[in-house]
Protein chains: 2
Amino acid sequence: MAQVIEVSDPGDPRLADFRDLSTADRRPDRPGGRGLVIAEGVVVVRRLLASPYPVRALLGVRRRIEAMAEDLDGIDAPAYVATAEVMAETVGFHLNRGVLASADRAPAPDPLELVERARTVAVLEGVGDHENLGALFRNAAALGVDAVLLAPGCSDPLYRRSVRVSMGHVLAVPFAPIEPWPDGVKWLRDSGFRVLALTPRADSVPLSDAVGPGERVAVLLGSEGPGLTDAAIDAADAAVRIPMAGGVDSLNVATAAAVAFYALNASSEGGS
Amino acid sequence: MAQVIEVSDPGDPRLADFRDLSTADRRPDRPGGRGLVIAEGVVVVRRLLASPYPVRALLGVRRRIEAMAEDLDGIDAPAYVATAEVMAETVGFHLNRGVLASADRAPAPDPLELVERARTVAVLEGVGDHENLGALFRNAAALGVDAVLLAPGCSDPLYRRSVRVSMGHVLAVPFAPIEPWPDGVKWLRDSGFRVLALTPRADSVPLSDAVGPGERVAVLLGSEGPGLTDAAIDAADAAVRIPMAGGVDSLNVATAAAVAFYALNASSEGGS
């Protein structure tokens, strides 16, 4: 059971993980960034506690920490209780959600092992927007994607805003870099995946025509503006598209991903 | 051709449509709100110019107004040219996109006529978040939804932020209120629609099993937290769900809508 500790001084050194989040956490992967995983709100903190990331500490108002008593069973990390004012002064802004948790990063899993167990994989190229990335992980978790591979140009999925937008699901869906790029695509194909590049390019075929029952599928997704690089599309088995009504160029990347994940699972299960 | 007029005084009364947008436009449907449609950025302004809404004026930096010369052909409204500084002072914040347009609202179309011509209809209940509403219209436009009906609790789709998030597609997809509610659902069924309520409720069936080839479909969508009311679900022909992986309670409402629109079109076209 986590030890519950009252704090009243925003300068308390034990709250260092949560200090000045709006600035110090801006780019945790950069020099000066602390590289911690930060979860905000009961739902996301619960998902952090259930994840493989080693929890370091919690900070919350009394009501929230008490509401999480069961979740804190078996957690070997301090839970700091403070007033909303002390919390706001510590983190640098007012928190609506009333509870935070910090964790260390974990080493990225081996892509080979990750993919071996997977049936549906998403491969992202150039998804640099933290909110799109978070939303995409939420959709991946909801729609049965087993692993996410990150090609060049993607943001850090563990950035605080991505974690929040993902509703914490980025802490549950395993991810790893894919290197080299795009030659790694060949390795996916050799591992038994049918690799589909989602693109509105003229030679693409409708998504629903591209997958047979039981096939293991990896879908390549690019960012909203430029889309996938030609090199990535050429490395795939086929270019696929979501049929769109005239005049509408594209969906948001996370939304397009959700449609693709749904369609691929429906097709590979042999449903209509 | 729109008349291009230089302005240098942020207080110029001809710029009244664009003044203090962040406050005056907050709730255009409320007293003090001016009820105008405001489009921001070249892409959205173009969609406004192509829409049925009567354009009142444009305001932009020279470069943007010049880039839109062709679009302004045949537009009978003034295009005011100003510096970025004058624009910022007029609207009350700095505009990255460099061009704005204003239009009057148009009377809501008759829901009967709207639905008569439609094959796929979205019916929204309690979608109060402007960004979700805008994203939902973008997805509706991309995925072949012919009309949107608004049940109680929905926000104003023509609010500035909805227009922006929709990428201007809210100006192209026709919408109207549906009244009374939920009795209006019966009227949809009598008009030849199969009415499906999207809900994770236990008695729901997978989306892909619910529609036959060629069927006209109306899909009921509720907001992310509370979802559809029981009264709305009970009024539908069937409750349907998007199959989700264990532990993930729901998708964002606009994302769920996109998956549903895709699945319904794929099913009703008889594709796999």
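The values are calculated or read from the model by the stated rules, or taken from the named source; none is laboratory data. Since the structure is predicted, the reported quantities are computational estimates derived from the model, not experimental observations. So basically every Cβ, Gly included, is an ideal-geometry build from the backbone, and we count neighbours across all protein chains shown. Heavy atoms of the whole protein, side chains included, go into the accessibility calculation; ligands, DNA and RNA do not. Shrake-Rupley method; radii C 1.70, N 1.55, O 1.52, S 1.80 Å.
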* Which of the following residues is surrounded by fewer than 22 Cβ atoms within 10 Å (Cβ to Cβ) and either touching a Gly at 6+ places or on another chain (Cβ under 7 Å) or in contact (Cβ under 8 Å) with a residue 60 or more places away in the chain (or both): A:PRO206, A:PRO177, A:PRO200? -> A:PRO177
* **Failed criterion for A:ARG138 (all others in (1) within 14 Å of chain B (Cβ to nearest Cβ); (2) touching a His at 6+ places or on another chain (Cβ under 6 Å); (3) over 22 Å from A:VAL115 (Cβ atoms) hold)** => (3)
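So which helices (runs of 4 or more DSSP H) are wholly in region B:165-272 and hold at least 2 residues that are under 17 Å from the mean Cα position of the chain (by Cα) and away from chain A (no Cβ under 14 Å)? Give the steps one after another, and end with the answer.
Working: elements: B:184-190, B:230-235, B:253-268.
Ranges flagged: none.
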* **Residue ID - most open to solvent (accessible area, probe 1.4 Å), chosen from residues in region A:180-197 that are at pLDDT 95 or above and of a type in the set (Phe, Trp, Tyr)** => A:TRP181
* Is it the case that some residue within region B:136-149 is open to solvent by 20 Å² or more (accessible area, probe 1.4 Å), under 24 Å from A:GLY246 (Cβ atoms) and at pLDDT below 95? -> yes
* Asked: Would you say B:SER191 is closer than 21 Å to B:ALA266 by Cβ and among the hydroxyl-bearing types (Ser, Thr, Tyr)?
  -> no
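For the condition within 11 Å of the chain's Cα centre (by Cα) and either within 20 Å of B:GLU40 (Cβ to Cβ) or without any contact (Cβ under 8 Å) to a residue 40 or more places away in the chain (or both), what is the one hit in B:ASP129, B:ASP156, B:ASP146, B:ASP104?
Numbers: B:ASP129 fails: within 11 Å of the chain's Cα centre (by Cα); B:ASP146 fails: within 11 Å of the chain's Cα centre (by Cα); B:ASP104 fails: within 11 Å of the chain's Cα centre (by Cα).
Testing whether each residue is within 11 Å of the chain's Cα centre (by Cα) and either within 20 Å of B:GLU40 (Cβ to Cβ) or without any contact (Cβ under 8 Å) to a residue 40 or more places away in the chain (or both) leaves just B:ASP156.
If you check B:GLY134 against the conditions, is it in a loop (DSSP other than H, G, I, E, B) and not assigned by TED's automatic domain parsing to the domain that holds B:PRO54?
Working: in a loop (DSSP other than H, G, I, E, B): no; not assigned by TED's automatic domain parsing to the domain that holds B:PRO54: yes.
Here the answer is no, as B:GLY134 does not meet what is asked.
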* From A:VAL253, A:VAL240, A:VAL170, grab the single residue that is aliphatic (A, V, I, L, M) and in contact (Cβ under 8 Å) with a residue 60 or more places away in the chain. => A:VAL253
